[in-house]
Ligand code: G16
């Protein structure tokens, strides 16, 4: 087998965002685009010869060709073993678990997560380290640097590897091992949760619907919920991973998973509804006619964590990203546990998880996780809920409302304005920042401003810093507006604005979150002159 050196020239846009590189499919299809980036990943890592690399993805359009190209590059770069999910399928959490279980050097995950797929959609590549964790900032910076100066890559002329059959073959000096995508992950879930208790819950007539949105989690969900836990066949809908997700948007939230949400708000809704995103690391929970906000979900998991034997005696603390509403802080305070607030991006949780400063973490963007692995994990979170429901025999609504009655409800809403001009948004930010300091102590629409600022972070474990992670305004009643630019979009700029207010009045715990937070939205749009700069009066997505 001949190793070929291919001359190439850099693309200027190969800069890692919140979670690896995400671009339009047409961008990834350009000559050498994928190869340049993958070789840059390898160039950024030293000492890869003979090492093990895990490869998998969410089954979206273009992944099949991308996997074969990555195999050729990895063989030519002399990796010792490639562990590949059958048919190229691995959810992000399953890939993370395989990396750790098989002591791999790292893994390449082909997914643009919650972004749509297909010829008009997006493609993405993430690199996970030997801890099964998203590459930290220092590594992604190095990858972006290498991509800027790349002038050649190594590949080889080998036929496409058959990924449909489980087994091993030797190509050059590299063992190619195709593994079952689901088995190891499902075994791990059985170590963590009380499957027997959840089986009994289903035997009692408990009804669940799980929407896999034709993305990666279908096979995992059918195996775990229907086969192992005994939920009736048909509990999992849209179970087959499809290249274009069958036209569904692979982001489970109130806007994009509207059909599923309607099902859960119908009179004959099941007791429990859940959905995951494209690569299976996010999740959404619904009860009968009841939506669980991601920040409330994290609070419920934290409240009942000691009911799960795997975590008993191992509950150290919790982290949430700074824009995430602080419902979990109240639970943690009662349990006398520390809370960490990180920038957006799962990579910022890894050091805290590995140092066991925290056991759990989560974000408003529908992700939660624990030290069981260093990626967020949708099926894990859903099993956690099922385990709590099985032990307490309370409803989703009861579990959530009990916390509201005890601690007050932290109303939260995230609004995203998509497809904005990056330069215009920067101008808008700059104009706001010029007068921001003068706002302290003033009243806007009857809300007294206590503090304004920019969120900067120092990792308490590594001491690494991350600056300018978002702007915030804090009011004297501790309500808050936080805003930042998304780092996962593939074109233009997406502005995310996060609103939060703590309500203790028992008579006001059951309002619509977006309506309740409307006054804060008005303040934001007024202070940054949103309409003047962007022409927008309404967000594209509200969760
Ligand atoms: C990634 C990150 C998350 C982040 C999310 C949204 O998730 O891992 O930490 O919250 O993107 O980021 P942004 O607001 O910058 O778009 P995923 O599921 O897309 O890999």
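Only the coordinates and a few stated rules stand behind these numbers; no lab work does. Everything numeric here is computed off the predicted structure, so don't read it as measured data. Counting neighbours? That spans all protein chains shown, and the Cβs are built from the backbone with ideal geometry, glycine included.
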Is the shape of the range 423-543 rounded, prolate or oblate, going by the alpha carbon gyration tensor and its root eigenvalues a ≥ b ≥ c, with a/c under 1.5 for rounded and a/b larger than b/c for prolate? rounded
As a test, work out the antiparallel percent of DSSP beta bridges whose residues both lie in the chain, rounded to the nearest 5. 70
Kirkwood Rh over alpha-carbon pairs of the range 493-543 plugged into Stokes-Einstein at 4 °C, 1.567 mPa s gives a D in µm²/s of 104
Förster radius 30 Å - calculated FRET efficiency between residue 78 and residue 183, Cβ distance, rounded to 0.05: 0.60
Out of all Cα-Cα pairs in the range 398-462, roughly what percent, to the nearest whole number, are more than 19 Å apart? 67
Taking other Cβ within 10 Å of each residue's Cβ, how do 1, 428 sort, fewest first? 1, 428
The extension gain from residue 433 to residue 120, computed as 0.36 nm times the residue separation minus the Cα-Cα distance, is 109.0 nm
In whole Å, what is the distance between the alpha-carbon centres of the range 79-112 and the range 132-202? 1
Nitroxide proxy distance, nm - points 7 Å out along Cα→Cβ at residue 200 and residue 463: 5.2
Which distance in nm do the two modelled labels at residue 486 and residue 3 give, with both placed 7 Å along the Cα-to-Cβ direction? 4.0
In the range 270-293, whose amide N lies under 18 Å from the spot 7 Å out along Cα-to-Cβ of residue 515? List them in ranges. 289-293
Once the range 1-131 is represented by equal point scatterers at the alpha-carbon sites, with solvent omitted, what log10 I(q)/I(0) does the Debye formula produce at q = 0.09, 0.12, 0.14 Å⁻¹? -0.23, -0.42, -0.57
What base-10 log of the normalised intensity I(q)/I(0) is obtained for the chain from the Debye formula, alpha carbons as equal point scatterers, at q = 0.07, 0.10, 0.13 Å⁻¹? -0.39, -0.80, -1.36
